[in-house]
1. Looking at the structure I just gave you, is Asn55 under 27 Å from Val174 (Cβ atoms) and polar (S, T, N, Q)?
2. Hey, can you tell me all the residues within region 124-162 that are more than 21 Å from Gly283 (Cα to Cα), acidic (Asp, Glu) and touching a helix residue (DSSP H, G or I) at 6+ places or on another chain (Cβ under 6 Å)?
3. For region 274-288, what are the residues that are under 19 Å from Glu261 (Cα atoms) and touching a Leu at 6+ places or on another chain (Cβ under 8 Å)?
4. Taking into account only those residues within region 16-52 that are of a type in the set (Ser, Thr, Tyr) and part of a loop (DSSP other than H, G, I, E, B), which is nearest to Ile249 (Cα to Cα)?
5. Yes or no: region 84-95 includes at least one residue that is within 25 Å of Ser305 (Cβ to Cβ) and touching a strand residue (DSSP E or B) at 6+ places or on another chain (Cβ under 8 Å).
6. Could you say which residue among Ala63, Ala136, Ala160 is open to solvent by 10 Å² or more (accessible area, probe 1.4 Å), under 15 Å from Pro187 (Cβ atoms) and more than 14 Å from the chain's Cα centre (by Cα)?
7. Name every residue in region 54-84 that is in contact with a Gly (Cβ under 9 Å, 6 or more places away or on another chain) and outside any strand (DSSP E or B), in order of residue number.
8. Identify, please: which residue in region 252-263 is open to solvent by 20 Å² or more (accessible area, probe 1.4 Å) and of a type outside the set (Asp, Glu) and is, among those, farthest from Leu61 (Cα to Cα)?
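The values are calculated or read from the model by the stated rules, or taken from the named source; none is laboratory data. Bear in mind the structure is a predicted one, so any value in this text is a computation, not a measurement. Please note: Cβ atoms are built from the backbone with ideal geometry, for glycine as well, and neighbour counts cover all protein chains shown. Note: accessible area is taken over every heavy atom of the protein model, side chains too, but ligands, DNA and RNA are not part of it. Shrake-Rupley method; radii C 1.70, N 1.55, O 1.52, S 1.80 Å.
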Amino acid sequence: MIDRKTSFETRAIHADKQRTKPSAGDPVIYPRVNSTVFRMSAGNDDDIIYTRHDNPNRRQLEAVLSSLEGGVACAAFSSGMAASTAIVQSLLPGDHVLIPENLYHGTRKLMQTIMKPWGLKSETVDMTRPELLEKAVRPETRLVWVETPSNPLLQITDIAEVAAICKRQNLLLVVDNTWPSPVNQQPLLLGADLVMHSTSKYIGGHSDLLGGAVIAKSENEFFDKIRDIQRSAGAVPSPDDCWLMLRSIRTLPYRMKGHNEHAGVIAEYLEQRSSVEKVYYPGLKGHPGHAVAKKQMCASGGMISFLVKGDRDAAARVVQGSSLIAPVTSLGGVESTWEHRIRSEGPDTATPANLIRLSVGLEHPDDLIADIELAFQQL
C-alpha cells in the first residue's frame, strides 16, 4: 500500500492501490468485482473464497479507511448501525458501557433497549466533564463510547483526556467520528482504541450510499470478534457500494474543506440573527467546547444546530419554508439539508422542541443565507 507518511489528500486517492509495477493497459481505477464465489487454492487461509467473508472491493475500502484514520485494520459494514452493533455484540453479558448524555438516538436505543435483553448494562455520563466519567466507572465497566461533536447539541468531549482515564481503568474507548470525518479529527491518534463511522454521511458524501465501518488502532482479540461478527452475521456492504464509497473518498478532503468553510459562515450569520435564540457550533468562540475542539479538530465541521425563537410549531414551519435546503433526516451530503430534529428522536428525547439541525452543503453561502431568510419568514 502507499506510504502512510504521504499526505491525507494523496492517500484518499491512492491508498487503494497495491505496490506493484504498473503495466500498459492496467486500469487506473480497479473494477467492481461482483462475483459471490472465488476459486480456492490448495490451502491458503488468506484466499478470498466467498463475498460475504471477503471481497476485493471491500478489502480496498477497508485499507483506505484504515490509512485515513491512522489505524491498522478496518471492518466495513452495510450501515453505521451495523458497525455499532458489532462493537457491542463483541462484549459479554453483564458488561457495563458508559455513553454520553447527548448522542445519536439510534446509538442510545441500541445500548439501552436492543442490547438490554442480551445483558448489556449502560449508563449515561456528561462526557464534557471527564471527572464525572471516572466516578461512573464500575468493576464491570468494559467500554466507553464517545461522540464528539455530539448529535444534535454539538457537545465536545476531550478525547485525549478520556483516553487517559480509559487507559488507567483498562477500558476500551470507542469514538464515533462520523460528524468530523477523518479530515477534521483523528481519534486513534488521540488515544482511542476504535473509531466508528456511518460512512453514509461525509465519507459517502452524496446521499446515495449506506455504509458503516470500524477502524482499530491494533488488531487484538476484541477487534477479531468484530471481524468475526462482520463476516459471520453478514451485514456487509456490496461490492458496488464499496466501489462507490471509494470513488467518494477521493474527493473527501476537498469536500470537507467546503463544508467547513461554509458552515463557519452560516454559523456566524445565525449567531447574529434576531430570530435565533442559540447556535450550537464548536467553531464559535462562545461555544463552551471551543477550546477543546480547537485542540483536537483541524476544523469545526459542516454541522450546526440552532434554536429558533418560538415553539415546536415555529421550528417546523421554518424547516418547511425553504426552497433550497431540503427537510431530510440524514446529513453530510453535498446538498444542504436540515431537520426539525425532535420529530426523528421520539417523545423521550431531551432535544429542545425548537431545535433545527442543519447540514451545510457545498452551495454558495450567500444562496444558503438567502434561503434561510426565506424560511425565517414563516416565524
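1. Values: under 27 Å from Val174 (Cβ atoms): yes; polar (S, T, N, Q): yes.
Criteria met by Asn55.
2. Passing the criteria: only Glu134.
3. Restricting attention to region 274-288, the residues satisfying the condition of being under 19 Å from Glu261 (Cα atoms) are 279-287.
Listed by number, the residues that qualify are Val279, Tyr280, Tyr281, Pro282, His287.
4. So in region 16-52, the residues of a type in the set (Ser, Thr, Tyr) come out as 20, 23, 30, 35-36, 41, 50-51.
Checking the rest, the ones that are also part of a loop (DSSP other than H, G, I, E, B) come to 20, 23, 30, 35-36, 41, 51.
On the way: Thr20: 22, Ser23: 25, Tyr30: 14, Ser35: 23, Thr36: 25, Ser41: 33, Thr51: 22 Å.
Checked region 16-52; the qualifying residue nearest to Ile249 (Cα to Cα) is Tyr30.
5. Of region 84-95, the ones within 25 Å of Ser305 (Cβ to Cβ) are 84.
After this cut, where a residue has to be touching a strand residue (DSSP E or B) at 6+ places or on another chain (Cβ under 8 Å) as well, the list is 84.
Yes.
6. Working: Ala63 fails: under 15 Å from Pro187 (Cβ atoms); Ala136 fails: under 15 Å from Pro187 (Cβ atoms).
Exactly one residue qualifies, and that residue is Ala160.
7. Selection gives Leu61, Leu65, Ser78, Ser79, Gly80, Met81, Ala82, Ala83, Ser84.
8. Looking only at region 252-263, we keep the residues that are open to solvent by 20 Å² or more (accessible area, probe 1.4 Å), and these are 254, 257, 260-262.
Next cut, of a type outside the set (Asp, Glu) only: 254, 257, 260, 262.
Numbers: Tyr254: 19, Lys257: 22, Asn260: 24, His262: 28 Å.
Checked region 252-263; the qualifying residue farthest from Leu61 (Cα to Cα) is His262.
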